[in-house]
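Working notes, structure below.
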Amino acid sequence: MSKSQQPTQLSKFLSEEMQAYAMKALRNIQISYQHAIRSWLDGRSIQSFVSLFLISIFLSIAVASCSGSSSASKNDVKLKLVSFSVTKAAHDQIIPKFIEKWKQEHNQNVTFEQSYGGSGAQAAAVIDGSQEADIVHLALPLDVNKIQQAGLIKSGWETKAPRSGIVSKSVAAIVTREGNPKGINTWADLAKDGVKVIAANPKTSGIAIWEFLAFWGSVSLTGGDEGTALDYVTKVYKNTPILTKDAREASNLFFQQNQGDVLINYENEVILAGKNGTKLPYVVPQVNISIDNPVAVVDKNADKHGTREVAQAFVDFLYSTEAQREFAKLQYRPVNPTVTQEVASQYQPIKTLFTSQDLGGWDIIQKKFFGDGAIFDKVKAASKA
């Protein structure tokens with residue numbers, strides 16, 4: 001038990017002890033009350049009457065005290081949310097709504113400690129204990145699986161929430177310079193000579209994994225064999241002068257430092273930038289990958305902190321119409337069917353939309369592409385040769 005938890009646990013213990021003592025006293029009063037009634041009925045003495053009157057008053061006070069203690073507001077709860085870098089704007093809108101709802105329904109104050117960064121790095125921080133998350137909302141299920149494999153999340157986490165644990169979605173977009181001087185319109189164009197691509201590192205960033213899978217699937221799932229896919233992906237990474245740690249850093253490099261000809265980003269980020277006054281020339285490839293962002297309670301930490309009930313309630317709230325509308329306002333593709341229907345016209349239709357399952361599922365993806373010495377490491381080595 002941490003020092004920060006001890007006052008809360010002590011208060012709870014004292015509260016329970018006081019209630020137990022009050023209930024014991026109440027039972028003794030009830031016995032005395034019954035004796036007083038019999039004495040009064042038998043002798044109708046003034047002493048018995050007075051005793052009965054006083055006991056009635058004390059009984060009322062005791063009942064009120066027990067009732068009051070049980071209806072008093074509960075101790076405050078603090079939740080630690082660890083998420084990937086581009087979700088902050090959504091959570092800034094959603095969290096206050098949940099706090100208000102929980103307060104109204106449970107008379108309990110909830111506060112949030114939040115952390116945002118590259119999804120892979122965030123998962124690693126949860127695993128090593130430097131981030132004791134109660135809840136993780138990460139860029140891809142692979143990162144949640146790593147936390148599960150470390151023993152912090154129980155197996156089957158994806159069955160404990162709607163939509164297989166996926167709470168927000170997007171697709172990949174190709175952002176170019178004004179006027180698209182390099183003529184980049186498809187995934188294949190990224191392999192052209194003289195094109196500089198800004199991309200993130202799959203070892204630390206969720207979007208980087210989605211980028212890699214989009215590159216690979218655009219070949220292997222449209223008739224090309226794995227040799228052709230490997231050759232194409234190697235050319236793309238030869239055109240990538242630097243791999244950033246996360247999506248936010250890649251965007252800063254492209255826009256603020258004016259590096260590169262093309263940036264791969266989440267569709268929601270690109271559309272939102274346009275709505276906020278920064279019009280970005282971009283293409284949403286018609287062969288694309290469904291970027292699925294999972295959420296899960298970190299079981300071991302939530303149990304340690306005594307926050308499971310509230311943590312699970314927040315996860316459930318993220319699927320509500322109210323919360324999903326906030327995701328949609330920030331141009332995520334919602335997973336709530338009602339909200340999906342409401343905003344369908346806002347998004348470009350995708351001709352061929354594939355998923356991680358089409359590439360074998362996350363266990364195979366991790367071993368095949370991103371494990372030590374796997375395809376990405378070979379591609380990276382070849383791109384530097």
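Applying the selection to the stretch 102-123, what residues are free of Cβ contacts under 8 Å to residues at least 40 places away in the same chain, of a type outside the set (S, T, N, Q) and open to solvent by less than 50 Å² (accessible area, probe 1.4 Å)?
Answer for the stretch 102-123, where residues must be free of Cβ contacts under 8 Å to residues at least 40 places away in the same chain, of a type outside the set (S, T, N, Q) and open to solvent by less than 50 Å² (accessible area, probe 1.4 Å): PHE112, ALA123.
Considering only the stretch 315-370, state which residues are aliphatic (A, V, I, L, M), open to solvent by 40 Å² or more (accessible area, probe 1.4 Å) and either within 30 Å of LYS101 (Cβ to Cβ) or free of Cβ contacts under 8 Å to residues at least 40 places away in the same chain (or both). Please lay out each step first, then the result.
Kept after step one, since they are aliphatic (A, V, I, L, M), are these residues of the stretch 315-370: 315, 318, 323, 328, 330, 335, 339, 343-344, 350, 353, 359, 364-365.
Add one more test, that the residue is open to solvent by 40 Å² or more (accessible area, probe 1.4 Å), and what stays is 344, 353, 364.
Listed by number, the residues that qualify are ALA344, ILE364.
Tally time: how many residues in the stretch 156-176 are open to solvent by 20 Å² or more (accessible area, probe 1.4 Å), among the polar types (S, T, N, Q) and in contact with a helix residue (DSSP H, G or I) (Cβ under 6 Å, 6 or more places away or on another chain)?
Count: 1.
Can you confirm whether the stretch 263-279 contains a residue that is modelled with pLDDT of 95 or more, closer than 26 Å to ILE209 by Cβ, touching a strand residue (DSSP E or B) at 6+ places or on another chain (Cβ under 9 Å) and open to solvent by 10 Å² or more (accessible area, probe 1.4 Å)?
Within the stretch 263-279, none of the residues are modelled with pLDDT of 95 or more, closer than 26 Å to ILE209 by Cβ, touching a strand residue (DSSP E or B) at 6+ places or on another chain (Cβ under 9 Å) and open to solvent by 10 Å² or more (accessible area, probe 1.4 Å).
Checking ALA188 against (1) in contact (Cβ under 8 Å) with a residue 40 or more places away in the chain; (2) open to solvent by less than 20 Å² (accessible area, probe 1.4 Å); (3) over 30 Å from GLN312 (Cα atoms); (4) assigned to a helix (DSSP H, G or I): exactly one of these is not met. Which one?
Every condition holds for ALA188 apart from (2).
Before we move on, is ALA311 at negative phi and at pLDDT below 95?
No.
Tell me whether the stretch 300-314 contains one or more residues that are among the acidic types (Asp, Glu), touching a residue at least 40 places away in the same chain (Cβ under 8 Å) and open to solvent by 10 Å² or more (accessible area, probe 1.4 Å).
Scanning the stretch 300-314 turns up no residue that is among the acidic types (Asp, Glu), touching a residue at least 40 places away in the same chain (Cβ under 8 Å) and open to solvent by 10 Å² or more (accessible area, probe 1.4 Å).
I'm checking my understanding of the structure. Among residues of the stretch 191-215 that are assigned to a loop (DSSP other than H, G, I, E, B) and touching a Ser or Thr at 6+ places or on another chain (Cβ under 9 Å), which one is least open to solvent (accessible area, probe 1.4 Å)?
Among residues in the stretch 191-215 that are assigned to a loop (DSSP other than H, G, I, E, B) and touching a Ser or Thr at 6+ places or on another chain (Cβ under 9 Å), the one least open to solvent (accessible area, probe 1.4 Å) is SER205.
Can you tell me which residue within the stretch 119-170, out of those that are acidic (Asp, Glu) and outside any loop (DSSP other than H, G, I, E, B), is modelled with the lowest pLDDT?
GLU158
The values are calculated or read from the model by the stated rules, or taken from the named source; none is laboratory data. Keep in mind the model is a prediction, meaning the values are calculated, not measured. Note: ideal-geometry Cβ built from the backbone for every residue, glycine included; neighbour counts use all protein chains shown. What goes into the accessible areas is simple: the full protein's heavy atoms, side chains included, and nothing from ligands, DNA or RNA. Shrake-Rupley method; radii C 1.70, N 1.55, O 1.52, S 1.80 Å.
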